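Quick notes on the structure that follows.
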Amino acid sequence: MTNQDRVKELIELRAQAKLGGGEKRIESQHKKGKYTARERIAMLLDEDSFEEFDMFITHRCYNFGMEKTKFLGDGVVTGQGTIDGRLVFVFAQDFTVFGGALSEMLAQKICKVMDKAMTVGAPIIGLNDSGGARIQEGVNSLAGYAEIFERNILASGVIPQISAIFGPCAGGAVYSPALTDFILMTDQSSYMFVTGPKVVKTVTGEDITTEELGGAEVHSTKSGVSHFLAENEEEGIAIIRDLLSYLPSNNLEETPMIACSDPIDRLEDKLNSLIPDNPNHPYNMMEVIEAIVDHGKFLEVHKRYARNIIVGFCRMGGRSVGVIANQPSFYAGVLDIEASRKAARFVRFCDCFNIPVLTLVDVPGFLPGRVQEYGGIITHGAKLMFAYGEATVPKVTITLRKSYGGAHDVMSCKQLRGDFNYAWPTAQIAVMGAKGAIEVLYGKELAAFTDPEEKAKFVAEKEDEYNTAFANPYKAASYGYIDDIIEPRNTRFRIIRAFQSLQTKRVTNPMKKHSNIPL
Ligand code: HXC
């Protein structure tokens with residue numbers, strides 16, 4: 001063989017590897033409306049930036065005649081590239097090779113890119129589309145999964161980890177994405193579950209479809225497993241690219257700063273009249289967010305899950321900020337189990353990656369009742385409290401309207417090391433709303449009334465007295481719990497200036513192995 005032949009051989013082998021499981025299976029993938037692993041990577045990364053690793057790896061399994069069927073690359077495409085010029089590492093399971101099922105060598109490839117990402121401090125993105133453990137490899141496949149899981153765990157809080165689910169993801173395989181920071185699923189073409197419909201039928205007798213059990217809709221609205229729901233793969237890829245633009249590459253980096261053409265002192269007059277006079281009337285918190293962030297651009301996370309609280313990323317004055325905001329137009333913005341868990345995880349993510357936290361408060365309290373208590377609202381509410389209290393990133397809190405009881409403390413109050421706590425003049429910071437307070441304070445007197453009109457008059461008087469004393473921000477401001485009461489239209493500027501002054505904030509928590517958040 002001449003040296004020229006050797007070069008030719010390399011080119012041919014590369015071409016063969018790029019075909020994965022072959023033309024027929026690629027065609028079948030396309031027929032399902034899905035892209036191949038390489039097509040997905042090409043869409044995700046900057047043009048021509050992809051460098052592939054381990055293209056020549058094959059499995060080394062001899063069970064069930066497997067030695068006769070080998071594909072170069074063995075079911076996953078891995079490598080490095082850039083997104084908006086920033087280095088990332090990526091793996092994309094190749095469904096055309098044994099259904100992307102995970103072999104010992106496939107796991108080794110994924111571990112290698114994860115290790116590289118950790119070594120240099122760059123995000124890792126996994127594009128999942130796999131039949132799970134490669135059945136022919138038995139326990140070697142399970143060991144391969146565990147190697148990946150351990151790396152997911154050690155990378156947590158060090159580099160951003162993002163998972164897209166573009167096809168099946170079942171059995172223990174779900175746990176690698178679940179250990180990452182964000183999961184994105186595509187509508188109607190992806191699913192995640194620990195056991196599939198057939199096992200469900202055998203064990204519980206329940207008839208349920210794949211989509212009903214673990215489709216993107218279910219995980220985006222009911223379980224909260226998925227943070228983003230994309231209509232198709234193109235949209236999914238665009239969301240991942242957008243998401244990364246808000247994140248630093250690792251926990252030691254500052255968040256990306258981009259030039260901001262939106263004036264930082266932009267006044268939003270409409271905010272001065274946004275809060276309805278009737279405290280029981282809702283308004284849409286999204287209007288506030290869109291009015292104050294750079295160019296009105298907000299990437300909402302968990303958009304369709306626990307809608308009584310909003311979380312997501314924006315830029316303010318060009319720098320990334322994580323926003324947590326009660327949503328009065330959904331269940332009055334009450335804190336329940338799901339909202340507490342959603343917000344707690346988001347605050348912790350921001351804290352891991354030096355993303356300043358903005359909290360917009362309008363919360364009537366924790367949702368009362370048996371369902372919440374039996375479900376452990378105490379523990380879940382404590383998660384959010386814990387997340388805020390341990391966070392050392394800059395924290396700016398604006399109280400727009402209600403801030404009652406335990407929920408007041410939880411939502412980034414001053415004593416949980418809130419750095420700047422501002423209130424609008426419409427804020428009501430108190431132990432509870434007037435109605436509840438009067439019932440508790442004057443229970444005996446109310447029971448003694450025989451004339452309903454007299455009673456109503458008494459209640460109105462007492463409520464008025466209570467509201468004058470407590471349903472305002474001045475009481476809290478008089479104790480220094482609120483740093484300033486600001487004009488709503490000037491909110492954007494006040495937040496940006498606060499974050500600017502906090503840029504050099506350095507706070508550390510006591511030394512410990514790790515904290516014990518109420519899980
Ligand atoms: C080996 C597999 C495979 C697997 C699919 N294939 N899953 N090979 N191990 N787990 C192969 C098929 O033999 C086929 O090969 C090709 O991939 C495509 O599969 P199809 O069945 O033709 O595709 P489709 O009809 O789209 O169905 C996809 C599927 C189905 C729903 C994923 O393949 C399936 O149910 N697979 C088994 C899923 C499963 O039970 N996995 C184990 C889960 S338990 P050819 O040569 O025909 O192209 C688990 C434990 C992990 O994962 C534990 C971690 C801790």
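Roughly what % of DSSP beta bridges within the chain run antiparallel, to the nearest 5? Could you put the intermediate results ahead of the total?
Details: 25 of 65 bridges.
So the antiparallel bridges amount to about 40 percent of the total.
Computed FRET efficiency, Cβ-Cβ of GLU254 and VAL139, R0 45 Å: what is it to the nearest 0.05? Mind showing how you got there, number by number?
Numbers: r = 44 Å, r/R0 = 0.98.
Using R0 = 45 Å, I get an efficiency of 0.55.
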Self-check item: Nearest-0.05 FRET efficiency for ASP187 and PHE458, computed from C-beta distance (R0 41 Å)
Solution: 0.15
Quiz item: Where the centre of each part is set by its Cα atoms, how far does segment 227-264 sit from segment 379-399, in angstrom?
Solution: 23 Å
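How far, in nm, would the chain grow between LEU502 and LYS198 when pulled straight, counting 0.36 nm per residue and subtracting the alpha carbon separation?
104.0 nm
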Self-check item: the chain: relative contact order in percent, alpha carbon pairs under 8 Å with at least 6 residues between
Solution: 9 percent
Quiz item: Label-point separation (nm) for LEU154 and ASP84, each offset 7 Å from Cα along Cα-to-Cβ?
Solution: 3.0 nm
Quiz item: Any idea how far apart ALA146 and GLU465 come out in nm if each label point goes 7 Å out from Cα toward Cβ?
Solution: 6.8 nm
Self-check item: 1.4 Å probe accessible area per residue over the chain, in Å²
Solution: 47 Å²
Quiz item: For a paramagnetic label modelled at 7 Å from the Cα of ALA448 toward its Cβ, which residues of segment 461-497 fall within the zone defined by backbone nitrogen distances under 19 Å?
Solution: 461-463
Exercise. Please work out the C-alpha center-to-center distance from segment 478-519 to segment 60-87 and express it in whole Å.
Key: 46 Å
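Using just the Cα positions, wrap segment 410-519 in a convex hull and report its mean projected area in square nanometres, one decimal place. Before the final figure, lay out the partial values.
Values: hull surface 45.3 nm².
Hull-based average projected area comes out at 11.3 nm².
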Quiz prompt | Extension gain from ASP269 to LYS475, taking 0.36 nm per residue of separation minus the Cα-Cα distance | solution = 71.6 nm
Quiz item: How big is the antiparallel share of DSSP beta bridges in segment 27-141, given as a percent to the nearest 5?
Solution: 70 percent
Quiz prompt | In nm, spacing of pseudo-spin labels at LEU10 and ASP484 (7 Å Cα→C-beta vector) | solution = 6.3 nm
Quiz item: Against the longest alpha carbon principal axis of the chain, how many degrees, from 0 to 90 and to the nearest 10, is the axis of helix 104-120 turned?
Solution: 50 degrees
Exercise. Quick one: Debye curve from the alpha-carbon atoms of the chain only, equal weights, vacuum; give me log10 I(q)/I(0) at q = 0.11 Å⁻¹ to two decimals.
Key: -0.97
Quiz item: Just the accessible area for ARG494, please: 1.4 Å probe, Å², rounded to the nearest 10?
Solution: 40 Å²
Practice problem: For TYR35, TYR305, TYR481, TYR331, give the ranking by accessible area with the largest first, probe 1.4 Å. | Solution: TYR331, TYR481, TYR35, TYR305
Quiz prompt | Modelled FRET efficiency - R0 22 Å, LYS68 with TYR175, Cβ distances, 0.05 increments | solution = 0.10
Exercise. With all distinct Cα pairs included, what does the Kirkwood hydrodynamic radius of segment 266-310 come out to in Å, to one decimal, could you say?
Key: 12.1 Å
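Please list LEU72, LEU142 in order of solvent-accessible area, largest first, computed with a 1.4 Å probe with all protein chains present.
Heavy-atom accessible area, descending, gives LEU142, LEU72.
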Exercise. Give the angle, between 0 and 90 degrees and rounded to the nearest 10, that separates the Cα long axis of helix 337-352 from the longest principal axis of the Cα atoms of the chain.
Key: 70 degrees
Exercise. Can you tell me the 0 to 90 degree angle between the C-alpha axis of helix 3-18 and the longest principal axis of the chain, rounded to 10?
Key: 40 degrees
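Taking a quarter of the surface of the convex hull around the Cα atoms of segment 343-405, what do you get in nm²?
4.4 nm²
Rounded to the nearest 500, what is the chain's calculated 222 nm mean residue ellipticity when only DSSP H runs of at least 4 contribute -39500 (n - 2.57) each, over all residues? Don't jump to the answer; show the numbers that get you there.
Numbers: 20 runs with 202 residues, N = 519.
Helix-only estimate at 222 nm: -11500 deg cm²/dmol.
The values are calculated or read from the model by the stated rules, or taken from the named source; none is laboratory data. Remember, predicted model here, so these are calculated numbers, not experimental data. Positions of Cβ are generated from backbone atoms using ideal geometry, with glycine treated the same way; all protein chains shown enter the neighbour counts. Ligands, DNA and RNA are stripped out before the accessible areas are found, and what is left, the full protein with its side chains, is counted by its heavy atoms. Shrake-Rupley method; radii C 1.70, N 1.55, O 1.52, S 1.80 Å.
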